[in-house]
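Heads up: the structure comes next, in structure tokens.
Each value in this text was obtained by applying a stated rule to the coordinates, not by laboratory testing. This is a predicted model, so every value here is computed, not measured. Every residue, glycine among them, receives a Cβ derived from its backbone with ideal geometry; neighbour counts consider all protein chains shown.
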Amino acid sequence: MSELFTLPVLLGILYSGIRLATPYLYAAIGEALSQRAGVLNLGVEGIMLMGAYAAFFVAWRTENLWLGLGAAALVGAAMGLMMAYISVTLRAVQGISGIGLHLFGLGLSTLLFKTTMGGVQSISGFKPIRIPILADIPLIGEQMFNHSILVYLAFLLVPVAHWVLNGTTLGLKIRAVGQNPAAADSLGVSVMKIRYLMVSVGGMFAGIAGASLSIALINLFQENMTNGQGFIAVALVYFGGWKPWGVLGGALLFSFVQALQLWIQVKDINIPSDIAVMMPYLLTILALTFAVRRSDQPAALTKPFERGEA
């Protein structure tokens, strides 16, 4: 066990933890925006899978990573629109609709993978970009400032999302719709438009989260490659109290635990591998048990709205 506390391993955990936080950040920030508008989307996992497939397939066939990223964003936004139509227009039960969307994404991504690729392929994904001066900081510089563009954009998304929610008119409308849609409607805010927009944006970020796996972190696509990360992203929204900075803290916590379990396996520490793999999921359960602050939850979350209702 003492092997885990050597400087090279600790620096390795730091580097891996920052990278592994990337898909969590994209998916969880997108889901936070959706939930702040009152819509719970449990289909994040399925959207991530479709985004991962779309990004990899397009990049593989065109040899253009940016086209692959754009394809993932479009597919994610389209699936977000699908979720918005079901939950906002048809007013279906959001939890059940989200599970259905997840199963749809899981099944379709598997089918497309088998019919278009036949087997696991690999590509050369986004390369690390070393930031001068910052990367020269002793000990931690290389670990924190030598990552791909998608890693940097994921962390930049946090302050941007915070500013949108708390410093713009759009953010005020989002919070109003998620807290009291009837009052927002009476002031001329279109509840349907805001919810459609946020669920679609959330879907787009979930698609990009999948792309960050297939063309930046792992550089391949395989069946069910997200392995529950979409559901962890939903849990992170609750863990972070529906706030972008809280989501960041949760994402880093989860990614460092994930990095730790990977290093436990690499170093062949005398801990059963199954227990090591379970660590991030056990943390998910503990997070939902102890860290949820119900007072912060949008009052209208999961509640359909129709004009004229109180």
Legend entry - Test item: Cα-centred dipole of the chain, Lys/Arg +1 and Asp/Glu -1 on Cβ, debye: 700 debye
Inset, instruction - Could you run the Karplus curve 6.51 cos²θ - 1.76 cosθ + 1.60 with θ = phi - 60° over the stretch 81-88 and give me ³J(HN,Hα) per residue in whole Hz, x for Gly and Pro? - result: 4, 4, 5, 5, 4, 5, 8, 8
Inset, instruction - Quick one: angle between helix 244-266 and the longest Cα principal axis of the chain, in degrees between 0 and 90, rounded to 10, please. - result: 30 degrees
Legend entry - Calculated [θ] (222 nm, deg cm²/dmol) that DSSP helices of n ≥ 4 give over the chain, each run adding -39,500 (n - 2.57): -22500 deg cm²/dmol
Legend entry - Crossing angle, helix 149-167 versus the chain [Cα axis fit, 0-90 degrees, rounded to tens]: 30 degrees
Inset, instruction - Return one number: the angle in degrees, 0 to 90 and rounded to the nearest 10, between the long axis of the Cα atoms of helix 44-62 and the longest principal axis of the Cα atoms of the chain. - result: 60 degrees
Inset, instruction - Pop a pseudo-label 7 angstrom from the Cα along the beta-carbon direction at both residue 131 and residue 63 and give the gap in nm to one decimal. - result: 3.2 nm
Inset, instruction - Over the chain, calculate the relative contact order: mean separation of alpha carbon pairs under 8 Å at least 6 apart, over the residue count, as a percent. - result: 36 percent
Inset, instruction - Hey, could you grab the Kirkwood Rh for the stretch 1-155? Inverse mean 1/r over distinct alpha carbon pairs, Å, one decimal. - result: 17.7 Å
Inset, instruction - Using only the Cα atoms of the stretch 124-253, construct the convex hull and provide its projected area averaged over every direction, in square nanometres to one decimal. - result: 9.9 nm²
Inset, instruction - Could you line up 96, 174 from fewest to most neighbouring Cβ atoms inside 10 Å? - result: 96, 174
Inset, instruction - Starting from the coordinates of the alpha-carbon atoms of the stretch 65-148, obtain the Kirkwood hydrodynamic radius over all distinct pairs and give the value in Å to one decimal. - result: 16.5 Å
Legend entry - As computed over the stretch 2-296, the Cα convex hull volume per residue (Å³): 139 Å³
Legend entry - Length added when fully stretched, residue 121-residue 74, from 0.36 nm per residue minus Cα-Cα: 14.7 nm
Legend entry - Estimated FRET transfer efficiency (residue 223, residue 149; beta-carbon r; R0 30 Å; 0.05): 0.65
